[in-house]
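The values are calculated or read from the model by the stated rules, or taken from the named source; none is laboratory data. Just so it is clear, the model here is predicted, and its values are computed rather than measured. Note that we place each Cβ from the backbone using ideal geometry, even for glycine, and neighbour counts take in every protein chain shown.
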Ligand SMILES: [Zn+2]
């Protein structure tokens, strides 16, 4: 490669300077920006973590939103609309809150109290199948879905890690395989 330098628009604070940055400098700049983004993301997570069991409604809402639909790692490519209905209604919020409360807002895998998620030990998909759930009313009145004993608290990292284990947390595997 003959061209080792790239001309770019000068940022205002570089007025009067060369206006030419080497590839290395550009690379450095872009990595610096990436780093900056990450640290803001980390700050956000830390702020969530520090709220602990004093999550504000806004934070709860954000967490809920983050768990809806395609953003959720529970998402099965849209095959189960019922599962989405289950995870996005008020009963789910209450169930999750009770699971968190029982587990003292602590990941039951690693003990962290960061960004936590409530996991159905017996998968929602199996509960839907077993109880032949077809409607929203059916969901609301299905006690198996809302048993606190079927829930467990994981931090995000452990949840992802455990989900990768044949697509299921190992707790489920131990119980159901
Ligand atoms: Zn954990």
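Only one entry of 124, 116, 148 meets the criterion of being away from the ligand (no atom under 16 Å from the Cβ) and either crowded, with 19+ Cβ neighbours inside 10 Å or touching a residue at least 60 places away in the same chain (Cβ under 8 Å) (or both), and that entry is 124. Within the stretch 112-146, being touching a helix residue (DSSP H, G or I) at 6+ places or on another chain (Cβ under 8 Å) and assigned to a helix (DSSP H, G or I) holds for 124, 125, 126, 127, 128, 130, 136, 139, 140, 144, 145, 146. Could you tell me whether the stretch 147-155 includes any residue that is at pLDDT below 90 and assigned to a loop (DSSP other than H, G, I, E, B)? Within the stretch 147-155, not a single residue is at pLDDT below 90 and assigned to a loop (DSSP other than H, G, I, E, B).
Only a single item in (1) touching a helix residue (DSSP H, G or I) at 6+ places or on another chain (Cβ under 7 Å); (2) modelled with pLDDT of 95 or more is not met by residue 94, and it is number (1).
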